[in-house]
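The values are calculated or read from the model by the stated rules, or taken from the named source; none is laboratory data. The structure displayed is predicted, hence computed values, not measured ones. Backbone-built Cβ (ideal geometry, glycine too); neighbour counts: all protein chains shown.
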């Protein structure tokens with residue numbers, strides 16, 4: 001049985017009313033059919049697989065966490081606790097929306113690398129530690145907080161890539177349609193690629209991604225320039241000398257293939273191209289790639305990272 005619990009925590013240094021994170025934490029549960037469970041709906045974690053690694057997943061701009069519910073359930077079924085959260089704040093100056101939480105002051109040429117660019121991570125880690133030590137909480141002593149994985153989609157994928165370097169307990173990162181090419185609006189030179197954590201990294205992208213293609217102007221890149229995800233792999237990862245990084249091109253997938261169901265009233269879905277294969281098949285490939293990556297590079301299980309309709313470059 002997969003269950004989830006809700007919680008909230010404050011975002012330090014943020015101004016009200018945009019200073020609260022609302023979390024949803026997915027985990028495998030072990031029901032006892034007790035009266036308390038029937039009345040509250042709260043079921044204790046299945047600790048037969050404890051301690052369990054934890055994925056913190058960052059949503060794309062204006063993509064609600066409901067669109068990643070399917071992924072969180074699939075990961076929890078593999079005994080990987082998955083944390084998602086909702087933060088409403090500025091996504092651009094004077095524009096309010098859903099955001100993975102970005103500290104733009106840390107994403108400038110003279111400040112990048114000085115600290116975390118996502119201020120939500122530390123409060124979430126602090127809250128998880130609190131829940132893990134609370135005897136009354138269903139997650140009591142169930143979490144392995146020394147084995148954290150950061151993952152995300154689009155701008156959320158960028159947050160995962162940028163921030164693994166600042167947290168020792170983060171053992172791996174993965175991103176779908178996320179990259180670290182830097183916006184010239186923030187003062188970076190055209191084509192600049194920001195460094196990322198020197199940790200196991202899985203980059204995934206679709207060959208039908210219309211959103212990234214339409215956004216290249218942000219990075220001073222022309223239409224014929226390399227894909228920003230490919231460029232991130234070539235320049236931010238290859239240079240690190242790691243042997244456990246992957247650039248996966250998924251055939252027929254687009255920018256929002258990881259989001260289901262997709263809320264078409266928000267975000268920039270209208271820039272995307274149509275997928276050319278069944279969406280459910282693509283999602284199965286995405287989750288299998290993520291599970292295999294975590295099993296191999298975090299849980300040290302001997303598995304191969306393969307899929308049928310993908311092109312994998314590995315380092």
When both residues are 6+ apart or on different chains and their Cβ atoms are under 8 Å apart, which pairs have a first residue that lies in segment 218-235 and is under 12 Å from residue 179 (Cα atoms), and a second that is modelled with pLDDT under 80?
-> 228/221; 231/225; 233/315
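Output the residues belonging to segment 66-100 that are assigned to a loop (DSSP other than H, G, I, E, B) and touching a strand residue (DSSP E or B) at 6+ places or on another chain (Cβ under 7 Å).
77, 79, 80, 87, 99, 100
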Evaluate segment 235-250: report whether one residue or more is more than 21 Å from residue 150 (Cβ to Cβ) and either within 18 Å of the chain's Cα centre (by Cα) or modelled with pLDDT of 90 or more (or both).
-> yes
Within segment 161-175, can you find the residues that are touching a residue at least 40 places away in the same chain (Cβ under 8 Å) and either part of a loop (DSSP other than H, G, I, E, B) or within 30 Å of residue 43 (Cα to Cα) (or both)?
-> 167, 169, 171, 172, 174
Considering segment 19-54 alone, what residues qualify as being in a loop (DSSP other than H, G, I, E, B) and touching a strand residue (DSSP E or B) at 6+ places or on another chain (Cβ under 9 Å)?
-> 19, 30, 31, 41, 42, 43, 44, 46, 50, 51
Go through (1) surrounded by 16 or more Cβ atoms within 10 Å (Cβ to Cβ); (2) within 30 Å of residue 37 (Cα to Cα) and name the single condition residue 196 misses.
-> (2)
Exactly one of (1) modelled with pLDDT under 95; (2) closer than 30 Å to residue 46 by Cβ; (3) buried (at least 19 other Cβ atoms within 10 Å of the Cβ) is unmet by residue 150. Its number?
-> (1)
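Regarding segment 176-185, can at least one residue be identified that is on the phi > 0 side of the Ramachandran plot, buried (at least 20 other Cβ atoms within 10 Å of the Cβ) and not in a strand (DSSP E or B)?
yes
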Tally the residues that are within 18 Å of the chain's Cα centre (by Cα) and either surrounded by 19 or more Cβ atoms within 10 Å (Cβ to Cβ) or within 16 Å of residue 186 (Cβ to Cβ) (or both), restricting the search to segment 108-118.
-> 2
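Residue-by-condition table, conditions (1) in contact (Cβ under 8 Å) with a residue 40 or more places away in the chain; (2) over 23 Å from residue 64 (Cβ atoms); (3) within 9 Å of the chain's Cα centre (by Cα); (4) part of a loop (DSSP other than H, G, I, E, B):
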residue: 126; (1), (2), (3), (4): yes, yes, no, no
residue: 135; (1), (2), (3), (4): no, yes, no, yes
residue: 145; (1), (2), (3), (4): yes, yes, no, no
residue: 151; (1), (2), (3), (4): yes, no, yes, no
residue: 156; (1), (2), (3), (4): yes, no, yes, no
residue: 159; (1), (2), (3), (4): yes, no, yes, no
Which one of 57, 6 is farther than 21 Å from residue 153 by Cα and not in a loop (DSSP other than H, G, I, E, B)?
-> 6
Tell me, please, whether a residue that is loosely packed, with under 13 Cβ neighbours inside 10 Å, touching a strand residue (DSSP E or B) at 6+ places or on another chain (Cβ under 8 Å) and not in a loop (DSSP other than H, G, I, E, B) can be found in segment 9-18.
-> yes
Only one of (1) at pLDDT below 95; (2) out of contact with any helix residue (DSSP H, G or I) (no Cβ under 9 Å at 6 or more places or on another chain); (3) closer than 27 Å to residue 213 by Cβ fails for residue 155. Which number is that?
-> (1)
Test each condition in (1) part of a loop (DSSP other than H, G, I, E, B); (2) farther than 17 Å from residue 256 by Cα for residue 218 and report the one that comes out false.
-> (1)
When you scan segment 113-124, how many residues do you find that are touching a helix residue (DSSP H, G or I) at 6+ places or on another chain (Cβ under 7 Å), in contact (Cβ under 8 Å) with a residue 40 or more places away in the chain and not in a helix (DSSP H, G or I)?
-> 4
